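Input: a single structure, listed below in structure tokens.
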Amino acid sequence: MPIPFTALVNQLPATTPFVGPEALERQRGKPFRARIGANESAFGISPLAAQAMQQAVARSAWYADPESHELRTALATIHRVDIDEICVDAGIDTLLGLTVRMLLETDSKAVTSAGAYPTFNYHVAGFGAELVTVPYRGFHENPDALLEAVHQHNAPLVYLANPDNPMGTWHGEEKITSMINAIPDNCVLALDEAYIEFADQPIAPPVDTSNPRVIRFRTFSKAYGMAGQRIAYAIAHRDLISGFNKIRNHFGLNRVAQIGALASLNDTDFIPQVMHAVQQGRQQVMELASSLDLYAEPSYTNFVAVDLQTTERAKKMLTLLADNDIFMRMPGVEPLNRCIRVGLGTSEEFELFSEVFSDLLKSL
């Protein structure tokens, strides 16, 4: 019996943006010894958050506050904005989906970089809009090319991640400010700042919620180590936030995640500790690559892109690493796919990767 799918659903491929390590482990029939491919934090969560969430579990029968009032109040204080200029939801992926739904018609076009974070593309396709991509400039996203494409295609939405995933590269405050100021009145910039806490120096422009042409996305998944709790937020003009509230699932964010996120914000010692560990981890990967005569791209994230010079070598290395129980990913578009993306794991995971990678490199 045929299922009455919409024409749009019928034409979509049966794919997801990522194959999870759990699916790969089921295929392999055994777990990975090093899980350094999903940009998860190897440095745990705030002890205050862990304690708060453990206590909150006892009241799992309760629904979460659909307004996330306490968390939004705390975030508004931190960012010096009004509570009505913050929207909290289940990860940046969810917020990107809402952004696409809110701003794109089925005949609209959205602009992004070829090889940038693919979940944005997934949502654009899922809502029937058209994706326009521009190439990276080297290993960096190209704001000038993105803006040119916005004007050329009259696009109402453009996506940029700063720092970037999958390359870890970044643009400074001046360049991002210039891009924001150049966004036309009929367009909104989706500025993904998931990795912003890992930047060695300030690169984010001051938050300006008076500008309705930009939405800033932040997350608790990366530096705060709460990826499994699925919680993030958008900062934007109150009219944009009002748009989110018209279409979001108001009970979609779980109560334990909200309580853990709020406790994380109150732990002022935790993020500096994570930053120190991340800086050390990046340095270790850079030094390892240098010792093997490989180029590693400087990073402001919790991973480092290591250039293996050809796509074939990068793909082969990924397969060999998996054969040695190390989960890792690589970019999917030229010229980025010359690289593998080395996540910053525990000291034990790095030691395993360092030993195995050094040996495998000889066979490429």
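Among Glu141, Glu148, sorting on how many other beta-carbon atoms sit within 10 Å of each Cβ, with the fewest leading, yields Glu148, Glu141.
Ranking Gly225, Pro163, Ala182 by Cα position along the charge dipole of segment 122-264, where only Lys, Arg, Asp and Glu carry charges on their C-beta atoms, puts Gly225 farthest toward the positive end.
FRET efficiency for the Ser347 to His151 pair, using the beta carbon distance and R₀ = 51 Å, is estimated at 0.55. The modelled label-to-label distance between His140 and Arg59, using points 7 Å beyond Cα along the C-beta direction, is 4.9 nm.
Cβ crowding within 10 Å ranks Arg341, Arg59, Arg28 as Arg59, Arg28, Arg341, fewest other Cβ atoms first.
The value of relative contact order for the chain, using C-alpha pairs under 8 Å at least six residues apart, is 24 percent.
Shape index of segment 168-225: Rg/Rh, with Rg the Cα radius of gyration and Rh the Kirkwood radius from the inverse mean 1/r over Cα pairs, equals 0.97. Projecting the Cα atoms of His140, Ala194, Gly260 onto the charge dipole of the chain (Cβ charges, centred on the Cα centre) puts Gly260 farthest toward the positive pole. Remark: segment 47-266 carries a charge dipole of roughly 580 debye about the Cα centre, counting +1 on each Lys and Arg Cβ and -1 on each Asp and Glu Cβ. Computed from label points 7 Å out along Cα-Cβ, the spacing between Arg33 and Thr16 is 2.7 nm. Using alpha carbons only, the radius of gyration of segment 57-156 set against its Kirkwood radius gives Rg/Rh = 1.09. Every Cα-Cα pair of segment 125-267 was included, and the share exceeding 19 Å stands at 58 percent. Cα centroid separation, segment 258-322 to segment 129-178: 22 Å. In the structure shown, the pairs Lys30/Lys316; Lys175/Lys222; Lys109/Lys316; Lys222/Lys315; Lys175/Lys315 are assessed against 28 Å; a Cα-Cα span above that value is assigned to Lys109/Lys316; Lys175/Lys315. Provide, in order from the shortest bin, the percent of all Cα-Cα pairs of the chain in each 20 Å bin, continuing until the bin that contains the maximum pair distance. In whole percents, the pair-distance histogram is 28, 59, 13, 0.
Bear in mind these aren't lab numbers, they're just calculated from the coordinates by the rules spelled out. Bear in mind that the values here come from a model prediction, so they are computed numbers and not experimental data. Positions of Cβ are generated from backbone atoms using ideal geometry, with glycine treated the same way; all protein chains shown enter the neighbour counts.
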